[in-house]
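All remarks here apply to the structure that follows.
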Amino acid sequence: DLDIGWSDVFKRAHAVSKINPFWNELSASNPFVHDIAASNRNENNKYLSILKEKPYLFSKVCSNRDSLASSGDELDIDCLLRKTSTRRSARSKSVSDFLDIVDNQKLNPCKIISQKNIASDMTLFQNDREAYRMAWLSHRQLTRSCLDLEAMSHSPGWAQTQATDIHVVCKLNHEGGSVQLPDSDINIHIPVGHVSPGEFQEVGLKAILNPPSSFNNELSSTVSPLIELRLSNLNTREAIFLEVKVAAKVKNDPLSQVMSDIVCFFSLNKEGPFEKLENCYTYQDTIQAKLTNLAHVMYAVIAVQANKIQPPATNVWDYVHRTVSVGIYGPKYIHPSFTAVFTVFGHNYIPGKLTICDIKKGGKNMPPVVFQLWGKHTFLLEKPQDLNISLVSCDPDFEVKMEDRNKNIKEEELKTGEMVHQQFLFSMLGCREMHFFVFLVQVKVLKGSQVTQFHVTTPDPAPKLSGIIHRPKCSQNRKEIKSAPLLLIPTVKYPKFQDKTLSVNTYGVALKTVLRQNKIDYLLEYFKGDTIALLGEDKVKAIGQTKIKEWYVGVLRRKIGLVHCKNIKVISKEQAMDTADSELTTRNLVEQIALPFKKLTYIYSVVLSTVSESVYDWRALAEVLGYSHMSLDYFNEAHANKESERVAHVVKRMKEDCHANKKKRLFLYELIVALLKIDCQGLVARLTQDTIILTSAVKLGKYWRELAEKLARLTKQQIEAYEVPHHGRSGAVALEVRLW
């Protein structure tokens, strides 16, 4: 559970309100700013957003994606307007780009615009209300375009860092199956016949890093994270099984075998109470528990328990071989000065990403930051004791800050079973070129012998970002996008697209006429006797509340769509009489597949980075986009270093051309068609998922009350309390407020 310092966020926003002449009016379109404006006018205002009282209310679902630790509306608009390149579209800048501007100003005080100049600029804006309004709206649109959907859905602010708990959701039918939490030894086994044929079971699995503290004492110690299990269907006929590999194994001596055991505790509430499960089977360090009392949300935790402590034993640790897992976390890219985090877990689960909430910069607390896993190690610890941790750089170009070279972890912290971390600040010596390096991690007993040591390799340095400098249009310097490292980039030979007639082996004859008054793009319309080409004999099942409908994917008059199975008679290619209306070329096929993208909402910066990191031949992409005339001479030095940068440049070129001819060309549609032509099906699937999720969120914004009630399980009183500060003059809540 993420503990965000919202008070600091609101304090920063107060400072912004003092220099914004239209703060009160502008805040009407942003509910989070509105609360601050209202509290400025009335410090005793009793109508405060429910998100201030319970800031984690909407953070029920966790994500494995990264997000930014800053709110876009707190940036200096005047700085953004002054620095924005005239050639480069503002949409292509990310929030981190503008944060770099702010950081550069802090590092170069001589370049900071004086407060007097800022005040005069704000006076100019105050004299021209429309100019300020357009600047603010433009910036807000820019900020929105750089955020991902889940960043918005996981926090009350526009771009606050969200929790990074990993979870998995899987949909199974009556044949059952297994669900495994990524990068872990936590599994759920669903037996055959768990649900009736035709029904489905959605299984959600999540690991909460800090287990309940009540299980960690002299007689008990947790050896797994707190496991959250969610089921969508309780109409079940079979139990399910939880299998976990734990961080302990009972010793083989008779006393330990008698005095201790590894057990599973179960509860329907996160806080408990927990009950011991009897249907458990343990083999060495793996336990399998049978769950019969099923609910929509359940919690389980594994612990090693002792009946009593018999001297010379002092606690339950003396009866087991207990392993301790260590993870080394750091930023995605290293910088001249960066923080590495040494983290100890009381279980085997080491997540790939970790949110650290107590990072400090310049003596000030920073918003929570998401760190990446650099390396991990597991070692045997006979008993809880004070440990000394030291990190030593193996590269003379880097060093650990003197006061951070040795950190201690106390025995009491290990006994709690909770995650414990220590921060180590690395810095680069001199002005050498940045490069990855190796450092040594040593774990010792305080004032004693060494327990273990291991080496960790850092990631590569961040891609170089050129400054935002005013230059003539022909030679303007642009920031490079974050591209994939050159290491391990596969050599891919993309197929050459051929426009030819599609070979169809199965046809269907329409048994009746189907014409719809309300046209639906993905459903075919046909007359009785029409010959419809079928793209295979696989059926698409649409599950409704009362029955299941089955559809074929067919082609008629150069349109691809669904046709109901009951409305056609399937025939072979030899039996088909007139197939002229059902012919389709490969070019028509990919264009038909991409048609929905004309209506989907997307984030340009996300699409750009995704494509540039997933396409490994810029020439193949340029050719299918219609830029076959491009050569290496077309790229300047900034784009010629890496393949990903060349791909990004090709995509940007197409974006500019589509923007110049908006009436006839659509960027996302043409890009998807091109990717299909070079057989990038996995990449298209990823882009499809991202755009559909974002589009759905925009469409469902006005139904937020129903979503809050069903998904976040808010009561009507909580929903009304949230709406109270956002009522307009007419008493209604604006649509944009509901969307956010």
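The values are calculated or read from the model by the stated rules, or taken from the named source; none is laboratory data. Just so it is clear, the model here is predicted, and its values are computed rather than measured. Neighbour counts are summed over all protein chains in view; Cβ atoms, including those assigned to glycine, are modelled from backbone coordinates with ideal geometry. With ligands, DNA and RNA removed, areas are computed over all heavy atoms of the protein, side chains included. Shrake-Rupley method; radii C 1.70, N 1.55, O 1.52, S 1.80 Å.
For the stretch 215-238, which positions are over 32 Å from the mean Cα position of the chain (by Cα), open to solvent by 20 Å² or more (accessible area, probe 1.4 Å) and among the small types (Gly, Ala, Ser)?
none
Mind counting the residues in the stretch 391-405 that are surrounded by fewer than 18 Cβ atoms within 10 Å (Cβ to Cβ) and in a strand (DSSP E or B)?
Going through the stretch 391-405 one residue at a time, the tally reaches 2.
Might you let me know whether the stretch 569-582 holds any residue that is open to solvent by 80 Å² or more (accessible area, probe 1.4 Å), under 30 Å from Thr513 (Cβ atoms) and assigned to a strand (DSSP E or B)? Can you show your working first?
To start, the set of residues in the stretch 569-582 that are open to solvent by 80 Å² or more (accessible area, probe 1.4 Å) comprises 569, 573-575, 577-578.
Narrowing the set further to residues that are under 30 Å from Thr513 (Cβ atoms) leaves 569, 573-575, 577-578.
Those still in the list that are assigned to a strand (DSSP E or B) too: 569.
Looking for residues that are open to solvent by 80 Å² or more (accessible area, probe 1.4 Å), under 30 Å from Thr513 (Cβ atoms) and assigned to a strand (DSSP E or B), one finds at least one in the stretch 569-582, hence yes.
Do the conditions hold for Ile309, that is, is it surrounded by 15 or more Cβ atoms within 10 Å (Cβ to Cβ) and either modelled with pLDDT of 90 or more or assigned to a strand (DSSP E or B) (or both)?
Numbers: surrounded by 15 or more Cβ atoms within 10 Å (Cβ to Cβ): yes; either modelled with pLDDT of 90 or more or assigned to a strand (DSSP E or B) (or both): no.
So Ile309 does not fit the description; no.
Could you please find all residues in the stretch 431-456 being open to solvent by 80 Å² or more (accessible area, probe 1.4 Å) and under 30 Å from the mean Cα position of the chain (by Cα)?
Passing the criteria: Phe436, His455.
If we keep just the residues of the stretch 209-258 that are touching a helix residue (DSSP H, G or I) at 6+ places or on another chain (Cβ under 9 Å) and hydroxyl-bearing (Ser, Thr, Tyr), which is nearest to Ile190 (Cα to Cα)?
Per the criteria, the residue is Thr222.
Conditions (1) under 27 Å from the mean Cα position of the chain (by Cα); (2) more than 21 Å from Ala685 (Cβ to Cβ), marked per residue:
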site: Val553; (1), (2): no, no
site: Met577; (1), (2): no, yes
site: Leu589; (1), (2): no, no
site: Leu608; (1), (2): yes, no
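Leu523 is checked against (1) among the hydrophobic types (A, V, I, L, M, F, W, C); (2) open to solvent by 50 Å² or more (accessible area, probe 1.4 Å); (3) at pLDDT 85 or above and fails just one. What number does that condition carry?
Condition not satisfied by Leu523: (2).
Inspect the stretch 649-658 for any residue being open to solvent by less than 20 Å² (accessible area, probe 1.4 Å), modelled with pLDDT of 85 or more, touching a helix residue (DSSP H, G or I) at 6+ places or on another chain (Cβ under 7 Å) and closer than 19 Å to Pro495 by Cβ and give the result as yes or no.
Yes: one or more hits.
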